[in-house]
Amino acid sequence: MTRRKKIIIGVITVVIIGVIAAFLWWWFTRANLNNPVNQNVNQNPSEIQVPATLPTASAGLPDTTGVPEEQKDSQAELKAIAFTFAERFGSYSNEVYFSNLDDSADLMTAKMKAWVENFKLSQRQADNSEYYGVTTKAIAAEISEFDQDFNRAEVIVSTQRSESIVSTDNPRAFYQKLKLSMTQVDGAWKVDAAEWQ
C-alpha cells in the first residue's frame, strides 16, 4: 500500500469518526430536551418565600428628605467646584511652571490667590533639571461642614494621584485627600484654603 492510500484511508476514518460523534452528540442532546430532569411544574406559588420587607429604591443612600432644595443645589455646586479645583490644583509639571495654579485662579478667593503667588515665588529657585509631574483625578467629595448662613463650607476630596519623576514611563500611583475650605463670594463658591492630608 502506498503512502497516498494510507493518507486517504486515515482521512476517511477521521471523517467517519467525526460524523458518528456528531450524530451521537445530537442524539443525546435531543433526548435531554424531550425529557427534562427536575421539572417542577406542580410547584405551588405560595411555597416561594418572599421577604416581608423589600429594600427601598434609596436603600444605603444618605437621607436627604430634610434638606431644602436650594441647599441640595448649593451642595452639588460645592462638590462640582471641589472636584474641578482638586484636579487642577493637584496636577503639576515642572515644565509648565505652575500653570495648574493659574488655571485655578477663577475658583480662588483673594486670600488663596495671594497664597498661590507667594508659593510660586518660593519655588522659583527649585531645581527643574529633571522632569517632575503629578496628575490628579478626583474620585469622591464629602462635605464635612456646611454653613449656608455664614457662606462657609469644608469639603474633603479623595483623589488618585500619579507621580512621575524623570520619565512618565512608570508613574507611582497613590491616594491622597485634599481638604478645601470654601466660602461664597458674590454668590459663587470659591476655595479659601487647600491642604493636602
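Bear in mind these aren't lab numbers, they're just calculated from the coordinates by the rules spelled out. Remember, it's a predicted structure, so these values are computed and weren't measured experimentally. Note that we place each Cβ from the backbone using ideal geometry, even for glycine, and neighbour counts take in every protein chain shown.
Around SER181, with a cut-off of 11 angstrom between Cβ atoms, what is the net charge of the other residues, counting Lys and Arg +1 and Asp and Glu -1? Overall, the nearby charge balance is 0. Listed cross-link partners LYS111/LYS177; LYS79/LYS111; LYS79/LYS120; LYS79/LYS179 are compared with a 18 Å cut-off, the Cα-Cα value being larger for LYS111/LYS177; LYS79/LYS111; LYS79/LYS120. Highest mean packing comes first when the peptides 146-158, 112-124 are listed by Cβ atoms within 10 Å, giving 146-158, 112-124. Using C-alpha pairs under 8 Å with a sequence gap of at least 6, the mean separation divided by the residue count of region 87-197 gives a relative contact order of 24 percent.
Packing, as the average of other Cβ atoms within 10 Å across residues, places the peptides 6-14, 133-141 in the order 133-141, 6-14, highest first.
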